[in-house]
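Worksheet: one structure, shown below.
Each value in this text was obtained by applying a stated rule to the coordinates, not by laboratory testing. All values derive from a computational prediction rather than experimental measurement. Positions of Cβ are generated from backbone atoms using ideal geometry, with glycine treated the same way; all protein chains shown enter the neighbour counts.
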Amino acid sequence: MFKIRKPGAAPLFASCAATVLLVGGMPASDVLAQETRAPSFDFETALASAESLPRMRSLLVSWKGELVLERYYNGATANRVTNIKSVSKSVMSALIGIAIEQGHIPTVSQPIANYFQLSPDDNLLKEQITVENLLTMQSGLETTSNRNYGRWVASADWVNFALRQPLRLPPGRVMEYSTGNTHLLSAILTEATGQSTLEFARNALANPLGFDLPPWPRDPQGIYFGGNDMEMTPRQMRAFGELYLNRGEANGTQIVPREWVAASLVRRAQSRRDRSRFYGYGWWIRDMAGHETPYAWGFGGQFILLVPELELVVVTTSSSNPGPERRAHTRRIYELVEYELVAPVSEAFGYPAVSRRAPLDYSASGQ
């Protein structure tokens, strides 16, 4: 069980070179450090749940920067990259914040018309769309996700297709999830920095975090897909989550501006599908077991969840193949994380116990 340290008591830590980190299907030497010191967590219920999910691929938990649980399923391994799907949107947000800090983009208030030639036939309000509107999914443009995703990625010009979507609402009013928004951010980043999004991401983010970022798909014009199909290992996803938990700092270096991290994890837009879910700059935000929890969310069950109050980072990866069981799997991942990981740790620190809520609608995120 997780034990609480009482005031004045000696630290209740257990030396555990091979007991706290739980690793499936691989030698312990590939995963464990020579000596690990961590609180004794009881994750048995969560592990049993994860084991029962055929789409599950990995489950990682870190507390105060220390990896306390690492388990792989259904043939997945620590070193195999996974398509992180729309978790890429949170990475894209980080790149925009770095680009602003470096002076490539003046501010989030910059109109996107400064980077794109809008059609004379377009609604003049499109000239008011800003970088911030793209980050918060409040461009007002008809979505290119969900019902329109297939037509969009089959088009000859993804940027033009996204820009030519009808303006449904004035910019900045209502959230409408759309990967076209983050692809426009990738195009802006390419124009503003003079580098491809891949090159900038490697130099500004991945390399300082200590890993390489493999190429991912590009549009017909060669712009790297903004907001989908990046690839990382679960450990790299955890490193990105730790970066945000540590206010943009890693390895003694401020990689993402501290102010950008804070601004990104603020509720700026509300989901129309589920009013308990909000959006910041490329991060979803909702309550989990009574704690404000920002999270990166990708199609099929790819997650990086931050619980700052508890100093927790949780990473899950899953099969991203389409299928009728996908939504049920995503729902189960939410329940596993909230009630079988976050809630027990929260209660151990004296926070009130939580009851399971009615199932939410998890269909709003995807491509």
| Considering the zone a paramagnetic label at residue 254 would reach in this model (a point 7 Å from Cα along the Cα-to-Cβ line), which residues of region 64-84 have amide N under 14 Å from it? | none
| Once the other residues with Cβ under 14 Å from the Cβ of residue 169 are scored (Lys, Arg +1; Asp, Glu -1), what is the net sum? | +2
| Along the Cα-to-Cβ line of residue 349, 7 Å from the Cα, sits a label point; which residues in region 296-313 have backbone N less than 18 Å from it? | 305-313
| Estimated FRET transfer efficiency when R0 is 35 angstrom, pair residue 51-residue 209 (beta carbons, to 0.05) | 0.70
| If we restrict to alpha carbons, what Rg and Dmax does region 149-219 come to, in Å? | 14.6, 42
| remark: Computed D for region 245-367, Stokes-Einstein, Kirkwood radius over alpha-carbon pairs, 37 °C, 0.692 mPa s, to the nearest µm² per second, is 214
| request: Counting other beta carbons within 10 Å of each Cβ, put 70, 309 in order, fewest first. | output: 309, 70
| message | How high is the relative contact order of the chain? Use alpha-carbon pairs under 8 Å, at least six apart in sequence, and give a whole percent. | response | 20
| request: Take the Cα pairs of region 69-186, get the Kirkwood Rh, then feed it into Stokes-Einstein at 37 °C and 0.692 mPa s and tell me D in µm²/s. | output: 210
| message | Number of Lys pairs in the chain with C-alpha atoms less than 29 angstrom apart, excluding same-chain neighbours closer than eight positions? | response | 6
| request: Just the Kirkwood number for the chain, please: inverse of mean 1/r across all distinct Cα pairs, in Å, one decimal. | output: 21.1
| remark: Full extension between residue 80 and residue 191 adds, at 0.36 nm per residue less the Cα distance, a length in nm of 36.8 nm
| Fluctuation leader among 273, 235, 356 - the chain, Gaussian network, Cα springs under 10 angstrom | 356
| What is the spin-label model distance, in nm, from residue 42 to residue 276 if the labels are put 7 Å beyond Cα along the C-beta direction? | 2.5
| request: Could you size up the charge dipole of region 86-208 around its Cα centre, putting +1 on the beta carbon of Lys and Arg and -1 on that of Asp and Glu, and report it in debye to the nearest 20? | output: 320
| query | Percent relative contact order of region 114-252, based on C-alpha pairs within less than 8 angstrom and at least six residues apart? | reply | 22
